[in-house]
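Have a look at the structure below before the remarks.
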Amino acid sequence: MEREHVHIQADEACACGAHSGHDRRDRHEHHEDGCCGHEHEHEHGCACGHDHAHAEEGKKSYLTRLIIGVAVFVFGYILQSVMELDLWVSFVIFFAAYLVLGANVLAAAGKNILRGKVFDENFLMTVATIGAFVLGIYTGSGDFAEGTAVMLFYMVGETLSDMAVERSRRSITELMDIRPDYANLKAGGQVRRVDPAAVAVGDVIVVKPFEKVPLDGIVVSGSSALNTSALTGESLPRDVSEGAEALAGSVNGGGTIELRVEKEFGESTAAKILDLVEHAGNKKARAEKFITKFARYYTPVVCAAALIVAIVPSLVTGAWSVWIYRALLFLVISCPCALVVSVPLSYFSGIGGASKKGILIKGANYLEALTNVREVVFDKTGTLTKGEFAVKEVHPAGGFTCEEVLEAAACAEADSSHPIARSVLQAYGGEPCARMGYEEIPGHGVKAETEEGTVLAGNAKLMEREGIAYEKMEQPGTVLYVAEDNKFLGSVLIADQVKADAQDAVKGLRGMGIGTAMLTGDAQNIGNAIARQVGVDEAYCELLPQDKVEALEHIQAKNGSTAFVGDGINDAPVLARADVGIAMGGAGSDAAIEAADIVLMTDEPSSVPRAVRISKKTRRIVWQNIVFALAVKAVVMVLGIAGFADMWWAVFADVGVTLIAVVNALRALKN
């Protein structure tokens, strides 16, 4: 049966006012250039130069080091508070804690120096903290706590950061484990499961109900209805029987079929679309974070400034000890811990907070990119609509009732496994009449012999073939015409059901000044009807996968940064080409999920404006921390150089500001 797939509610009003009474990567790569001056990369965003050695040493040993370091630090601090410790005893206690807590930073600084990358934040942190110990010895004050505190709070911040990242990583990993990657190869009278790449052209494979078609082939046995929406975007399942073509990536929704493989795995339709994703990904826009640029220049400038503070005034005044002290104080104040810890932690907290809402964001760069989006483009089927058949209206002909039309349609469709049949039976809700015979007419519909007579249910071609005068319906959706003994009873409109929160999603985006558009492979009248119902600004209809990419590029050129929301394999190239790709994760295809930057596990369009709000909140927190940290450091630096600030002022400007920034960053977890 050639039926357009679309659908809406089974219990919506029948046209006459009566109801039936019965109420259904390889992913494009957003690499950070220079990632804070370091060559390594982190899967979920750059941690601004820290080499995350704890990921290699193991979580347990890392936490053990943290606990030991904190214990030694607290012991030394309490001991120093209740009694007067010898200078070197105090040094040994705090320096021991310092080595335990700062091992990663010290190792990273040493490695980068050997590689010729001297001026990075690891180097600055090392110089500043060691400088604090030198000052404690030089002045005889025994104030070694501040150097250890820097490493302590850095390590705590890294632990909080990694917890947020690991939670997001686990969710994405679980999501990506859903791919059924096998073929049922039939050979020698036996069927065995093999890798699709091991199947040769000419081999016969068996595709069971609800399995994916692994390779392109021709049906040699059986018949079924294939869900091709993942490939074409069309919601209409395609009936196949002997001699028909079945494309890789389709889902078998009916009986078991056998296929003769026509193309190798690498040449299949699905593989070609995935290859298109890879090339589309090369055109993806990449933004360089402010903190990356800032860190590139900040450390060498700070080191140079410290040298100037130590040397120039000393040459003039001769007070070398005073100005060297102030220079080391300058380094402690300028240590970028607040930025190094809080900026990535803000993004990772935003990622973690989003994951609690069912929004999986694959990296901090994607979260940031979402803040710049000016247009959101939606796919239709499976994104704004449910992608399931349901009866929307019943239109009886003169002299008949809605119930009679629906009863006859259910009687004719009772033995069919087609999604249209299921929607009719669900809307009818009762037990269909007894049938003495049943015939499925390919491309037209079905014929059933009942006690009352011969019932026909199908498309307009079936009515014309049987010479039955019928009332043509022009409404968007799939129309099922019903006749009994050559008398036209009426028609049943079956349409795609708009998701309950689709309108709210569009309104939410519009409230933030973000425009909306819709891309679909459906006919113009169906697409326009859905667009009007949901409220999107523009609708682009009757598009093939490659046309969708062109349409998206047109929208990008007109409106600027654009996000695309989709769920099918055919959406993957568009997801990859968009500035931000958002995939429906619950029902979305694997290819779409791999190509996307953000995955909506709830399949709710309203998650899109929620994700935008989370991204904007996270950005506000990031810039609050940046401005606050730099402002406090600038003020204390001036006071330190002028001689009005001592080491504990410097510790506040470093550790205190870091703690405040970390607490502020954790607000991004609550969305």
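The values are calculated or read from the model by the stated rules, or taken from the named source; none is laboratory data. What you see is a predicted model; the values in this text were computed from it and never measured. Please note: Cβ atoms are built from the backbone with ideal geometry, for glycine as well, and neighbour counts cover all protein chains shown. Note: areas computed on protein heavy atoms with side chains; ligands, DNA, RNA excluded. Shrake-Rupley method; radii C 1.70, N 1.55, O 1.52, S 1.80 Å.
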Exercise for review: Check residue 391 against each of (1) within 27 Å of the chain's Cα centre (by Cα); (2) outside any helix (DSSP H, G or I) and name the one condition it does not meet.
Suggested key: (1)
Check your understanding: Looking at region 431-473, which of the residues that are β-branched (Val, Ile, Thr) and assigned to a strand (DSSP E or B) is most open to solvent (accessible area, probe 1.4 Å)?
Key -> 454
**Study point:** Test for residue 33: is it at pLDDT below 85, open to solvent by 70 Å² or more (accessible area, probe 1.4 Å), closer than 30 Å to residue 595 by Cβ and assigned to a loop (DSSP other than H, G, I, E, B)
**Key:** yes
Check your understanding: What number of residues in region 167-195 are of a type in the set (Val, Ile, Thr) and either modelled with pLDDT of 50 or more or surrounded by 14 or more Cβ atoms within 10 Å (Cβ to Cβ) (or both)?
Key -> 3
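Conditions tested, residue by residue: (1) part of a helix (DSSP H, G or I); (2) closer than 22 Å to residue 663 by Cβ; (3) at pLDDT 80 or above.
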position	(1), (2), (3)
119	no, no, no
126	yes, no, yes
134	yes, no, yes
138	yes, no, no
146	yes, yes, no
150	yes, yes, no
153	yes, yes, no
159	yes, yes, no
162	yes, yes, no
Check your understanding: Of all residues in region 603-627 being open to solvent by 70 Å² or more (accessible area, probe 1.4 Å) and among the hydrophobic types (A, V, I, L, M, F, W, C), which is nearest to residue 150 (Cα to Cα)?
Key -> 627
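Limited to region 477-486, what total is found for residues that are assigned to a loop (DSSP other than H, G, I, E, B) and open to solvent by less than 40 Å² (accessible area, probe 1.4 Å)? Full working, then the answer.
Filtering region 477-486 for residues assigned to a loop (DSSP other than H, G, I, E, B) gives 477, 485-486.
Filter again for open to solvent by less than 40 Å² (accessible area, probe 1.4 Å), leaving 477.
So the count comes out to 1.
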Exercise for review: Kindly provide the set of residues from region 630-671 that are surrounded by fewer than 16 Cβ atoms within 10 Å (Cβ to Cβ) and in a helix (DSSP H, G or I), ordered by number.
Suggested key: 631, 634, 635, 638, 648, 663
Review point. Is one or more of the residues making up region 496-509 touching a helix residue (DSSP H, G or I) at 6+ places or on another chain (Cβ under 9 Å), closer than 30 Å to residue 448 by Cα and open to solvent by less than 10 Å² (accessible area, probe 1.4 Å)?
Key: yes
Review point. Are any residues in region 394-439 under 22 Å from residue 209 (Cβ atoms) and of a type in the set (S, T, N, Q), and if so, which ones?
Key: 416, 417, 423, 426
**Study point:** Residues located in region 374-394, provided they are more than 21 Å from residue 545 (Cα to Cα), at pLDDT 90 or above and surrounded by fewer than 24 Cβ atoms within 10 Å (Cβ to Cβ)
**Key:** 374
Review point. Are any residues in region 104-117 part of a helix (DSSP H, G or I) and open to solvent by 40 Å² or more (accessible area, probe 1.4 Å), and if so, which ones?
Key: 106, 107, 111, 113, 114
Point to revise | Candidates 526, 555 - the one that is closer than 25 Å to residue 459 by Cβ and open to solvent by less than 50 Å² (accessible area, probe 1.4 Å) | key: 526
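Given the structure, is residue 75 assigned to a helix (DSSP H, G or I), in contact with a helix residue (DSSP H, G or I) (Cβ under 8 Å, 6 or more places away or on another chain) and surrounded by fewer than 22 Cβ atoms within 10 Å (Cβ to Cβ)?
yes
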